[in-house]
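J.: Just dropping this structure here.
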Amino acid sequence: MKIESVELVRVELPLVTPFRTSFGTQTRRDVLLLRVLTPEAEGWAECVAGKHPVYSSEYTEGAHRVVADELLPRLLGGDVTAASVMPALSGVQGHRMAKATVETAVLDAQLRAAGMSLAHYLGATRSEIVSGVSVGIHDSIPELLDTVGGYLDAGYARIKLKIEPGWDVAPVAAVRERFGDHIALQVDANCAYARADFRRLRALDEFGLLLIEQPLPEEDVAGHALWAAAFDTPICLDESVVSAQAAAEAIRLGACSVVNIKPGRVGGYLEARRVHDVCQAAGVPVWAGGMLETGIGRAANLALAGLPNFTLPSDISGSDRYYQQDLTEPFTVVDGLLPVPTGPGIGVTPIPDVLAELAVRREVVKP
Ligand code: NPQ
Ligand code: MG
């Protein structure tokens, strides 16, 4: 394909409720969208970087600059396909979320031109995805129980509690006590613990959790291996899995028996599919993570989550979990399920009026 121009669109979206994790409280998303224009079709993608570099080193303004100043100049001018994006960008170190956004927008344009859905392209075998919800750290246990009860009433098939030192065993015990042993429950620490917290966290073993996600720092894969050998509860990695190679190494070391896949974190949907394949070959189930995406990112994640080794409930929730007004037609959870989009490419586009209202900055880059 020949790319005529790329538009970087910045959108500010308030969250329906503040989302607190071990790395901070988010009240809004500062979103970077890319729109790739080709003679045949346009392609859309959402960058999952947060406003501040607190979940990962990437952040929205940095991703914006690296896309416009470093990535697009290496890409534009010649013939571009989704498969040619990462090789063209290999001279830039890191910045996986920024690179993923460029690759995804190109892939969306390519698939729209071909009339093929992303789900079909990736090899999805499912038309619906089991929807789970990630529940932030609350100020009190009663408030947490209200929130969890609301999500269970809304049909969510799995609850994930965010934890940190001081907010771990008590909230898990309270949710089990109130809602019973049958609900699918897991926790996510976002790297907030140290090896010295071993005894504290192993106390979670008695609650029958589906998994404990990323208790230790990103670099401490060996620590996760020590804990995985000692815990009954499966250890799942998120932040540590930055590529298919990292996934293979972590599995070989025994650091995890489950993997959370986020395309942004691993540098795109093509690499995410490789992570899926590596895990599948090793007998390690995977599930689709979430980064508070708008409908643009959510649609693409649903396509990926249709692949066969995504056997655990996802962190892909309904639009209304995060946004009063999504950028696309809203995704709605019905009976705990979300549909895999079937239209060409990611299957959705921003609603023009909504985008016009919420966009705060636009920059166009041409070859
Ligand atoms: C996780 N997601 O699995 C992430 C963490 C997360 C749904 O729990 C801005 C940027 C806000 C990145 C909120 C969920 C974020 C973010 C949460 C990442 O670890
Ligand atoms: Mg996580």
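J.: In nm, to one decimal, how far is the V334 label point from the A196 one, both placed 7 Å along Cα→Cβ?
T.: Label at V334, label at A196, 5.3 nm between them.
J.: Whose amide H sits under 5 Å from the amide H of E213, counting only residues 5 or more places off or on another chain, with H placed in the peptide plane?
T.: V187, D188, A189, C236
J.: In addition: So which residue, out of G267, G254, G306, gets the largest mean-square fluctuation from a GNM of the chain using Cα contacts under 10 Å as springs?
T.: G254
J.: Work out the length of the dipole vector of region 252-358 about its Cα centre, built from +1 on the beta-carbon of each Lys and Arg and -1 on the beta-carbon of each Asp and Glu, and round it to the nearest 20 debye. Before the final figure, lay out the partial values.
T.: On the way: 7 positive and 10 negative charges, 122 e Å.
Around 580 debye, computed over region 252-358.
J.: I need the Debye-formula profile for the chain: one equal scatterer per C-alpha, no solvent, reported as log10 I(q)/I(0) at q = 0.09, 0.10, 0.13, 0.14 1/Å, two decimals.
T.: Taken in order of the listed q values, log10 I(q)/I(0) reads -0.47, -0.58, -1.00, -1.16.
J.: Among 343-352, 192-201, 60-69, how do they line up from the highest to the lowest mean number of other beta-carbon atoms within 10 Å?
T.: Put in order of decreasing packing, that is 343-352, 60-69, 192-201.
J.: Still on this structure, please answer the following. Using +1 at the Cβ of each Lys and Arg and -1 at the Cβ of each Asp and Glu in region 119-339, identify which of S243, N301, A281 lies farthest towards the dipole's positive end.
T.: Most positive-ward Cα: A281.
J.: Against the longest alpha carbon principal axis of the chain, how many degrees, from 0 to 90 and to the nearest 10, is the axis of helix 96-114 turned?
T.: In the chain, helix 96-114 runs at an angle near 60 degrees to the longest axis.
J.: If you don't mind, there's one more thing I want to ask. Counting DSSP beta bridges in the chain, what percent are antiparallel, to the nearest 5?
T.: That works out to approximately 60 percent antiparallel.
J.: Calculated FRET efficiency, A222 and E363, Cβ-Cβ r, R0 35 Å, to nearest 0.05? Each step should come with its number before you reach the end.
T.: Details: r = 43 Å, r/R0 = 1.21.
Computed FRET efficiency for A222 and E363: 0.25.
J.: Here's a follow-up. In nm, what is the difference between 0.36 nm times the number of residues separating K2 and Q324 and their Cα-Cα distance? Please list the in-between numbers first.
T.: Numbers: separation 322, 0.36 × 322 = 115.92 nm, distance 3.68 nm.
That works out to 112.2 nm of additional length.
J.: Related question: Averaging sequence separations of C-alpha pairs under 8 Å and six or more residues apart, then dividing by the length of the chain, give the relative contact order as a whole percent. Could the numbers behind the result be given before it?
T.: Details: 838 pairs, mean separation 83.8, N = 367.
The value is 23 percent.
J.: Compute the length gained on full extension between E70 and D153: take 0.36 nm times their separation in residues and subtract their Cα-Cα distance, giving the result in nm to one decimal.
T.: Computed gain between E70 and D153 is 25.2 nm.
J.: Where is the GNM fluctuation largest for the chain (alpha-carbon springs, 10 angstrom cutoff): D315, D139, D188?
T.: Top of the fluctuation ranking is D139.
J.: Just to be sure I follow the rule: in the chain, considering lysines 8 or more places apart or on different chains, how many pairs have Cα atoms under 24 Å apart?
T.: Lysine pairs meeting the criterion: 10.
J.: Here is a further query. Relative to the longest principal Cα axis of the chain, at what angle does helix 269-282 sit, 0 to 90 degrees, rounded to 10?
T.: 40
J.: Would you mind working out the magnitude of the charge dipole of region 251-308 relative to its Cα centre, with +1 at each Lys and Arg C-beta and -1 at each Asp and Glu C-beta, to the nearest 20 Debye? Write down the numbers at each step before the final one.
T.: On the way: 6 positive and 3 negative charges, 14 e Å.
Dipole magnitude for region 251-308 comes out near 60 debye.
J.: While we're looking at this one, here's another question. On a full-extension model of 0.36 nm per residue, what is the gain between D353 and S57, subtracting their alpha-carbon distance, rounded to one decimal in nm? Intermediate results must be reported in sequence, preceding the final value.
T.: Values: separation 296, 0.36 × 296 = 106.56 nm, distance 3.27 nm.
Value of the extension gain: 103.3 nm.
J.: Nearest 0.05, what FRET efficiency do A83 and R126 give at R0 = 22 Å with Cβ-Cβ as r? Walk me through the intermediate numbers first.
T.: Values: r = 25 Å, r/R0 = 1.12.
The value I calculate is 0.35.
J.: With +1 on each Lys and Arg Cβ and -1 on each Asp and Glu Cβ, how big is the dipole of the chain about its Cα centre, in debye rounded to the nearest 20?
T.: 480
J.: Counting only helical runs of four or more DSSP H residues, what would the 222 nm mean residue ellipticity of the chain come to if each run contributes -39,500 (n - 2.57) and the total is spread over all its residues?
T.: Roughly -9500 deg cm²/dmol at 222 nm, from the helical runs in the chain.
J.: When you count, for each residue, the other Cβ atoms within 10 Å and take the mean per peptide, how do 94-103, 7-16 rank with the highest first?
T.: Output ranking for 94-103, 7-16: 94-103, 7-16.
J.: Here's something else I'd like to know. Which ³J(HN,Hα) values in Hz, rounded to whole numbers, follow from the phi angles of region 232-248 under the Karplus curve 6.51 cos²θ - 1.76 cosθ + 1.60, where θ = phi - 60° and Gly and Pro get x?
T.: Whole-Hz 3J(HN,Hα) from phi for region 232-248: 6, 6, x, 8, 10, 9, 10, 3, 5, 8, 9, 6, 5, 5, 4, 5, 4.
Here, each number is a calculation from the coordinates, and none is a lab measurement. Because the structure is predicted, anything quoted here is derived from the model rather than measured. Note: ideal-geometry Cβ built from the backbone for every residue, glycine included; neighbour counts use all protein chains shown.
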